[in-house]
Ligand SMILES: *Cc1c(COP(=O)(O)O)cnc(C)c1O
């Protein structure tokens, strides 16, 4: 075993390296989902719970890995795979990934990541400036001030949102070590603590409210899928009357379902008039701040107290990079925790402010992206993706097989396929809509199964459909490799399926 251990850490396996390069290249150029096995068949391949005893030789391991494991991955980067918020990664990301894994730094504390702690603060500071636009003096004062936090990396938007709720709750209710939040609330005469946002809030808010012991109030959206401000004012008034403490208002900067943007300026104003923390969930849309053409879509975001942006969506970083930005550096004290053996209060350790402990150096990818892509590169990518969405919307409008549910605000397009026998009608009865719902669900399943093209599916109430839940197909137009021809392929695929299913 001595030789084995030496080999494990010291011998470079050229064979493995070559294999990884080959498989990665193949994966990138495979344009459709090659694996059409049904999920319920695949599951049988993963039934064994036997712990492998002897180390396997590399060659047979790789052969098995390629044949039986890798074929089951989703081709998220394929240009006709338009269902999810994940893109192909720029090539440099994958290469850099090797380096990041070899470095294997732990950004929880400076002792295990040295100068990278400062790099992390710097790259997040660059985006903080894109969000809030403070001046040089502000960043000279706070960027590297270890007693506060301007921004942090999280594993994703979910944890960034939960961190924001945590901060909002502690700011508003206060925190007494060892005393649960509900007790402090009740002793001060409140019945509960609430978070208010629209019904299109991402389900990470349900998780966060559950974890933190907060109530979540979801208010309706208007005809443009934006939080209804009158409804918000009414709910705030009711909360006052019922002695419910409002700890956070949530605005969405690009809903997961539609890409619609809440009236951020007004929500911030309503919150701040009453000293309520306002959080903007821009996990999806926040990256548009890097496009001078489209950043106006998010106007008002600069007034928020905290902002979530996912770098693993539109900034095209590897999965595992969410970010939370904090407007007022002093707010970070509301979530500060330390440990005598590791992250000391007076240290520069970022772990004092994060839910996660051990944390990877995602900052290295962001550093690379900001330099190798730059603002102009991102603007080109983002503008093209918005244009692609407008092109798809136009194609849908011109074709009687399709009904565009709403004009796209960003780069997400919602639509449905109309069965041949119902095409050409101005509007539909409830019974017809039920039928169209079932038709679209079935069509999307068949399309997924065939694996040539892909869009996702959602079920949402919309005012234009009399506030009834409607099954909608959802195309996310982020992939830079998607061309007009790919969009035509998607639509022709769906029309063929519609004809088959409509018979
Ligand atoms: C994707 C998304 C999230 C969740 O982010 P994860 O990275 O999946 O945890 C939260 N909010 C919105 C609006 C999103 O689009």
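Here are some notes:
- Overall, the ratio between the Cα radius of gyration of region 412-503 and 2.2 N^0.38 Å, rounded to two decimals, is 1.09.
- Across the chain, C-alpha contacts under 8 Å between residues 6 or more apart give a mean separation that, scaled by the residue count, equals a relative contact order of 18 percent.
- Global size of region 52-96: 15.1, 42 Å for Rg and Dmax (C-alpha atoms, Rg to one decimal, Dmax whole).
- Relative contact order of region 25-110, taken over Cα pairs closer than 8 Å and 6 or more residues apart, is 38 percent.
- For region 8-90: rounded, prolate or oblate by the Cα gyration tensor [a/c cutoff 1.5]: oblate
- Over the C-alpha trace of region 100-140, radius of gyration and Dmax come out as 12.8, 37 angstrom.
- Value of relative contact order over region 248-378, rounded to a whole percent, pairs C-alpha under 8 Å and six or more apart: 18 percent
- Most tightly packed first, judged by the mean number of other beta-carbon atoms within 10 Å of their residues, the peptides 88-101, 443-456 read 443-456, 88-101.
- Descending semi-axes in whole angstrom, ellipsoid equivalent of region 99-231, from the Cα gyration tensor: 32, 21, 17
- For region 353-414, radius of gyration divided by Kirkwood radius, i.e. Rg to Rh on alpha-carbons: 1.24
- Viscosity 1.306 mPa s, 10 °C: Kirkwood-radius Stokes-Einstein D of region 230-351 over Cα pairs, µm²/s: 98 µm²/s
- Which of 352, 295, 59 has the fewest Cβ neighbours within 10 Å, and the rest in rising order: 59, 295, 352
- The Rg/Rh ratio of region 5-146, with both radii computed over alpha carbons and Rh defined as the Kirkwood radius, is 1.08.
- For the chain, the alpha-carbon radius of gyration amounts to 1.06 times the rule-of-thumb value 2.2 N^0.38 Å expected for a compact globular protein.
- Seen from all directions on average, region 165-245 presents a Cα convex hull projection of 5.5 nm².
- Cα pair distances exceeding 23 angstrom across region 351-457, given as percent: 53 percent
- Convex hull per residue volume in Å³, alpha carbons only, for region 265-330: 83 Å³
- Mean-position separation - Cα centroids, region 111-181 and region 183-259, in angstrom: 23 Å
- Longest to shortest principal axis, alpha-carbon extents of region 277-411, angstrom: 67, 34, 27
- Reducing region 390-421 and region 272-343 to their Cα centroids gives an inter-centroid distance of 32 Å.
- Computed from the C-beta positions of residue 118 and residue 44 and an R0 of 60 Å, the FRET efficiency is 0.75 to the nearest 0.05.
- Only helical runs count toward this figure. For the chain, summing -39,500 (n - 2.57) over DSSP H runs of n ≥ 4 and dividing by all residues gives -12500 deg cm²/dmol at 222 nm.
None of the figures in this text is laboratory data; all of them are computed from the coordinates on show. Bear in mind that the values here come from a model prediction, so they are computed numbers and not experimental data. As a convention, Cβ positions derive from the backbone with ideal geometry for all residues, glycine included, and neighbour counts pool all protein chains shown.
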